[in-house]
1. For the chain, just the Cα atoms, rotate onto the principal axes and tell me the three extents in Å, largest first.
2. Picking from G99, V41, S144, whose Cα lies most toward the positive end of the charge dipole for the chain (charges on Cβ: Lys, Arg +1; Asp, Glu -1)?
3. Which value results for Rg/Rh of segment 4-59 when Rg is the Cα radius of gyration and Rh the Kirkwood radius based on the inverse mean 1/r?
4. Mind telling me which of K63, K135, K148 comes out most flexible in a GNM of the chain, alpha-carbon contacts under 10 Å?
5. With contacts defined as alpha carbon pairs under 8 Å and 6 or more residues apart, what's the relative contact order of the chain in percent?
6. Give, rounded to the nearest 20 debye, the magnitude of the charge dipole that segment 20-153 has about its Cα centre when Lys and Arg contribute +1 at Cβ and Asp and Glu contribute -1 at Cβ.
7. Along Cα→Cβ, 7 Å out, is where each label goes; now give me the distance between the ones at R91 and R142 in nm to one decimal.
8. Which value in deg cm²/dmol, rounded to the nearest 500, describes the helix-derived mean residue ellipticity at 222 nm for the chain, given -39,500 (n - 2.57) per DSSP H run of n ≥ 4 and division by the residue count?
Amino acid sequence: MRGKQAPKRKIEGDAKYNDADVAKFINYIMRRGKKSVAENVVYGAFDIIKEETKQDPRHVFHKALKKISPLLEVRGKRVGGANYQVPFQVRGERRFTLGCRWLIEASKNRKGKPMYEKLAAEILEAVNGEGAAVKKREDVHRMSDANKAFAHFARFAR
C-alpha cells in the first residue's frame, strides 16, 4: 500500500433525529446521490415502527442492528498452498457496516411493497430475532464455528 491512509471523516447527525448512525444508514440506502429519496425511505420506515411499537424508532433500529451485526466472520487465508477459512473477530465499525448492508439487502429482496414498508418489516422482524438479515448473521456465525479448527492461523494474518 503506497502513501498514507485517508483520514476518517466525521459524519454529522441526520436532520430529524440528529443521530450519526441513522445518517450513515441513510447514506447506505442512497442511490445516485438522491439523499432526499433515501431519507423518505428511512423516515417512512421509522414512522411505521413508531406506530407499531409505540417506542422511539431509533432505539428499535439500534436493537435490530445489534441482533443483526456479526461478532465473528471468516476470511480466506493461504497457508502452505492451501486456502483456509479462518474465523476472525469483527471490528465495531465493520460490524455496523455489515449489519446495515444485510438489513438493506434483506429489505430489497422482499417483494410487493414500497421500500419503506419492507425496511420497517425487516427491522421489526430483526428485533424479534427473525427475518433474512438475522438468518444471514446466523449463517456467518455457523461458518465461523465450523472453521474454529483453523483459528490458530488468525494470528499470522491481517
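1. Taking max minus min along each principal axis of the Cα atoms, the chain gives 55, 40, 26 Å.
2. Highest projection toward the positive end goes to S144.
3. Taking Rh as the inverse mean 1/r over Cα pairs, Rg/Rh reads 1.07.
4. K148
5. On the way: 180 pairs, mean separation 37.5, N = 158.
Value for the chain: 24 percent.
6. That gives segment 20-153 a dipole magnitude of about 520 debye.
7. Label at R91, label at R142, 2.9 nm between them.
8. Result for the chain, helices only: -18000 deg cm²/dmol.
Read the figures in this text as sums done on the coordinates, not as results from a lab. Because the structure is a prediction, the values reported are computed rather than measured. No Cβ is skipped: glycine too gets one built from the backbone with ideal geometry, and neighbour counts run over all protein chains shown.
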